[in-house]
Amino acid sequence: MTGHAGHADRLGQVVSVAASRLTGLLDSSPRAGESAVPRLGDLVRIEALRGAVYGLISSLAACDPCRQGAASGAALMEIDLLGEAVAGQSGAVFRRGVSSYPLLGAAVFASGQADLALVYAKPDADCVRVGSLHQDPSVTAHLIVDTLLGEHFAVLGSTGSGKSCAVAVILRAVLRDHPHGRIVVLDLHDEYAGSFGDGALRLAAGDLQLSYWFLNFEETVEALCGVEETSRQIEAAILREAVVAAKRDHQAGRGADVPLTVDTPTPYRLTRLIELLREGMGRLDKPENATPYLRLIGRIESLRRDARFGFMFSGLVTEDILEEVLATILRIPAAGKPVTIVNLAGVPSEILDVVVSLLCRLIFDFALWSGRGQGAPALPVLPVLLVCEEAHRYIPRDLAPGRREGAASFGPTRKAITRIAKEGRKYGVSLGLVTQRPSEISETVLSQCNTLFSLRLSNESDQEFVRRALPDTAAGLLGALPALRTQEAVVVGEGVSVPMRIRFDDLGEGERPLSRGAPFSASWRDPVEPGRLVAEAVERWRGRGK
């Protein structure tokens, strides 16, 4: 196959020209082999006055027999334009956009190796290899690091499409050339424990010592107040006053005198908070008004007693450990471990939203206050990539009003991640969303991701959602979404030079994220020797894995 215009690889001729799309009439009897058989998503070259224009085949259809000049059995191809070849210092280079459109009747050619190498050439900017081109495995697929990370990205794909492996390939590729990066992965299923070897610090929630006093007031309300809206408002008003007083008392006991609000991340004691709530209840004129106080006290004491919530509500840590926790999460210094994997698999679902919100907000607030010191010189920028696995679980689309399990129940997390999506790039906080259900995720957040990796999507609503999110120039690639093989993806956006269909590089056996699928065929083939299986499972259940 050759990259020059020639008789052997001609596909047809242009019969219609629009702003970003051409229509071509296929030759009725191609004189070549496989190279002259057009396929959906193929790159083609069209002759123009100033050189060659390139595009992707977005659709193929039988031609109207009444069309003038159309032979029996002729067909049409729609071509989405990508860009053109222009003269550079050392030869032709590819540029997005078209300045010189082809004329009617211009020849359309199948792309050769030289065309693929030109269009998908390694960008001039800092970039990393993540795989190879679907059309030609010898052509490397590169990601542009600064735009990939600086403008957020999302990895979308159905279960079993290779989504987690794709994330591991992307992150490992970036860290291979940038070993002093800072990446925080929120791992909801404990999949990434071995994906980065000794380069990752693995933390369970209990290892983080995420004390209750790290929470801002909105997160505190989410954790301690009831669900019903009217009683929630009453409890929140009572709680606000008590939390401020508890913080003020703790500061006074240590001789501290700094400005204080309900959101200030400063230590206070849960025992003192309960005392203040009891004192407030004791000042009431009517005993029936004590109900919200009793509910708050009951919830706080319940959280303190429940071992599942010990990592946050034990009440044992009242020292100021915020600096230590931030340095651990953000890998400052990295000490050879640029990745922090936060294992959230063991976090109770009742408080998962609060934990995710807290982690996201801590990362953003640190970046914000590092860059803007209220009149003080800005501190060095330490960019951080936050990767949110199963993102649809805690930043879902808005649901019908009044449904607590919908948008309202995810308020703190949605607010924290939305703020990163909208403002994070100003302060060096990048977002990487990973989801199997793009149609269920917040459109506000996903729209801020300027690079999309779309793996196989079998659900029609997910396909349609991605179709709306991607540019018109990728229409030819979108038809392949239901048929993509495992480890393949359509990549579009600012992180790549042009839209492309790629195959991700292979991962070593010990580098792949763990699959939690049950091996039915192997397990059900042979009888089980139970031993202490049931007893140990019940023991772990009662001890919550301890």
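Among the residues of the stretch 112-160, which ones are in a loop (DSSP other than H, G, I, E, B) and farther than 28 Å from Gln463 by Cβ? Give the steps one after another, and end with the answer.
Just the residues of the stretch 112-160 that are in a loop (DSSP other than H, G, I, E, B), to begin with: 112, 120-126, 134-139, 151-152, 157-160.
Hits for the stretch 112-160 are Gly112, Ala121, Lys122, Pro123, Asp124, Ala125, Asp126, Ser138.
Within the stretch 208-307, which helices (runs of 4 or more DSSP H) (wholly inside it) include 3 or more residues that are without any contact (Cβ under 8 Å) to a residue 40 or more places away in the chain and β-branched (Val, Ile, Thr)?
Numbers: elements: 217-224, 229-253, 270-282, 291-305.
In the stretch 208-307, the matching helices (runs of 4 or more DSSP H) lie at 229-253.
Kindly provide the set of residues from the stretch 197-244 that are more than 30 Å from Ala334 (Cβ to Cβ) and hydroxyl-bearing (Ser, Thr, Tyr), ordered by number. Write out each step before concluding.
Residues of the stretch 197-244 that are more than 30 Å from Ala334 (Cβ to Cβ), as a first pass: 217-218, 220-244.
The answer is Thr220, Thr230, Ser231.
Report yes if Ser195 is on the phi < 0 side of the Ramachandran plot and either out of contact with any Ser or Thr (no Cβ under 9 Å at 6 or more places or on another chain) or buried (at least 23 other Cβ atoms within 10 Å of the Cβ) (or both), otherwise no. I'd like the intermediate steps shown before the answer.
Details: on the phi < 0 side of the Ramachandran plot: yes; either out of contact with any Ser or Thr (no Cβ under 9 Å at 6 or more places or on another chain) or buried (at least 23 other Cβ atoms within 10 Å of the Cβ) (or both): yes.
It is true that Ser195 is on the phi < 0 side of the Ramachandran plot and either out of contact with any Ser or Thr (no Cβ under 9 Å at 6 or more places or on another chain) or buried (at least 23 other Cβ atoms within 10 Å of the Cβ) (or both).
A quick yes/no check of all residues on (1) surrounded by fewer than 19 Cβ atoms within 10 Å (Cβ to Cβ); (2) of a type in the set (Phe, Trp, Tyr); (3) at pLDDT below 90; (4) not assigned by TED's automatic domain parsing to the domain that holds Pro380:
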residue: Ala400; (1), (2), (3), (4): yes, no, yes, no
residue: Phe410; (1), (2), (3), (4): no, yes, yes, no
residue: Thr418; (1), (2), (3), (4): yes, no, no, no
residue: Glu423; (1), (2), (3), (4): yes, no, no, no
residue: Thr435; (1), (2), (3), (4): no, no, no, no
residue: Asn459; (1), (2), (3), (4): yes, no, yes, no
residue: Thr473; (1), (2), (3), (4): no, no, yes, no
residue: Gly476; (1), (2), (3), (4): no, no, yes, no
residue: Gly479; (1), (2), (3), (4): yes, no, yes, no
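Take the residues in the stretch 189-211 that are under 26 Å from Tyr427 (Cα atoms) and either in contact with a Cys (Cβ under 9 Å, 6 or more places away or on another chain) or of a type outside the set (A, V, I, L, M, F, W, C) (or both); name whichever of them is modelled with the lowest pLDDT.
Residue satisfying both the conditions and the ranking: Gln209.
Looking only at residues in the stretch 358-396 that are basic (Lys, Arg) and crowded, with 19+ Cβ neighbours inside 10 Å, which one is modelled with the highest pLDDT? Give the steps one after another, and end with the answer.
First, the residues of the stretch 358-396 that are basic (Lys, Arg): 361, 372, 393.
Keeping just the survivors that are crowded, with 19+ Cβ neighbours inside 10 Å gives 361, 393.
Values: Arg361: 94, Arg393: 84.
Only one residue fits best here, namely Arg361.
The values are calculated or read from the model by the stated rules, or taken from the named source; none is laboratory data. Treat the numbers as computed from the prediction; the structure is a model and nothing was measured. Quick reminder, even Gly has a Cβ in these numbers, built from the backbone with ideal geometry, and neighbours come from all protein chains shown.
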